[in-house]
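Q: First, the structure itself, so that you have it in front of you.
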Amino acid sequence: LARVLHTHFYSRRARMPSYKLTYFDVRGRAELARILFHYTNTPFEDIRLKREEWEQLKATGKAPFGLLPILEVDGTVISTSVAIVTYIAEVTGLTSDTPLERARGNMMMDGLHDVAVALIPNYFIEKDEAKKAELVTNFIDKVVPPWVEKFEAFFKLNGGGDGWFVGSKVTYVDFAIFNMFDFLSSTLQKDINLLLPKDKAPKLVALVERVKALPALDAYLKKRP
């Protein structure tokens, strides 16, 4: 049967919607959503499917685009990781305060997506280990550095890069930055310093460490599958 992880927290609201997040039993595209739920102490069902269970679910048409993850909110289905994360951020207070700040946050989210798609699809498709290693080397040496340089410069525009990425409070964008570099490091089995070198991006490195040290997130990271 599907693996279901029930999370139990004290509710901050008198009546919260029922949340059911469905994905595979890996971090992948659902991990940022899980992080946001855990950080905000928001109860949800963490449903982790095996491949054969996904094929059964897919055949029902429950996933609007035939893809995971999906998030059910009182039975209404939201699909695609970006829509899910944006929704969670909005209902848990993890968005920026102004439309301009939110637009700048969305800029960063698109940038993170562009970095990830430069490698991840081909990485999982490629079966030849030598070619896969070549893809990783090119990604780390050629693709990531110019993006990291741009991200660092963009971050410094907000108070010199000494606080949160946009605005004056932590938002889902900060968690997205942490999650992407953490995911790449664990997936590629490479030290995060190779992807995010301190001498090239000291402000971003400090941000990732600051996010990771948040007590609510740290508690989840220590126990997550």
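Q: For the stretch 106-117, what are the residues that are free of Cβ contacts under 8 Å to residues at least 12 places away in the same chain and either open to solvent by 70 Å² or more (accessible area, probe 1.4 Å) or of a type in the set (Asp, Glu) (or both)?
A: Selection gives 106, 110.
Q: How about the stretch 69-105: which of its residues are touching a Gly at 6+ places or on another chain (Cβ under 9 Å), assigned to a loop (DSSP other than H, G, I, E, B) and open to solvent by less than 90 Å² (accessible area, probe 1.4 Å)?
A: Of everything in the stretch 69-105, those that are touching a Gly at 6+ places or on another chain (Cβ under 9 Å), assigned to a loop (DSSP other than H, G, I, E, B) and open to solvent by less than 90 Å² (accessible area, probe 1.4 Å) turn out to be 69, 95, 96, 98.
Q: Please specify each residue of the stretch 195-225 satisfying the condition of being farther than 18 Å from residue 173 by Cβ and open to solvent by 100 Å² or more (accessible area, probe 1.4 Å).
A: Listed by number, the residues that qualify are 198, 199, 200, 215, 222, 223.
Q: Follow-up. Whether any residue in the stretch 48-66 is under 15 Å from the mean Cα position of the chain (by Cα) and either open to solvent by 90 Å² or more (accessible area, probe 1.4 Å) or at pLDDT 95 or above (or both) is what I want to check.
A: Looking for residues that are under 15 Å from the mean Cα position of the chain (by Cα) and either open to solvent by 90 Å² or more (accessible area, probe 1.4 Å) or at pLDDT 95 or above (or both), one finds none in the stretch 48-66, hence no.
Q: Considering only the stretch 184-191, I want to know if a residue exists there that is in contact with a Ser or Thr (Cβ under 9 Å, 6 or more places away or on another chain) and more than 19 Å from residue 28 (Cβ to Cβ).
A: Checked the stretch 184-191: at least one residue is in contact with a Ser or Thr (Cβ under 9 Å, 6 or more places away or on another chain) and more than 19 Å from residue 28 (Cβ to Cβ).
Q: Tell me the residue from 18, 11 that is within 28 Å of residue 222 (Cα to Cα), open to solvent by 60 Å² or more (accessible area, probe 1.4 Å), modelled with pLDDT of 95 or more and among the small types (Gly, Ala, Ser), please.
A: Checking each option against the conditions leaves just 18.
Q: Can I ask one more? Restricting the stretch 118-155 to residues that are over 25 Å from residue 199 (Cα atoms) and within 19 Å of the chain's Cα centre (by Cα), which is most open to solvent (accessible area, probe 1.4 Å)?
A: 124
The values are calculated or read from the model by the stated rules, or taken from the named source; none is laboratory data. All values derive from a computational prediction rather than experimental measurement. Virtual Cβ from ideal backbone geometry, glycine too; neighbours counted across all protein chains shown. With ligands, DNA and RNA removed, areas are computed over all heavy atoms of the protein, side chains included. Shrake-Rupley method; radii C 1.70, N 1.55, O 1.52, S 1.80 Å.
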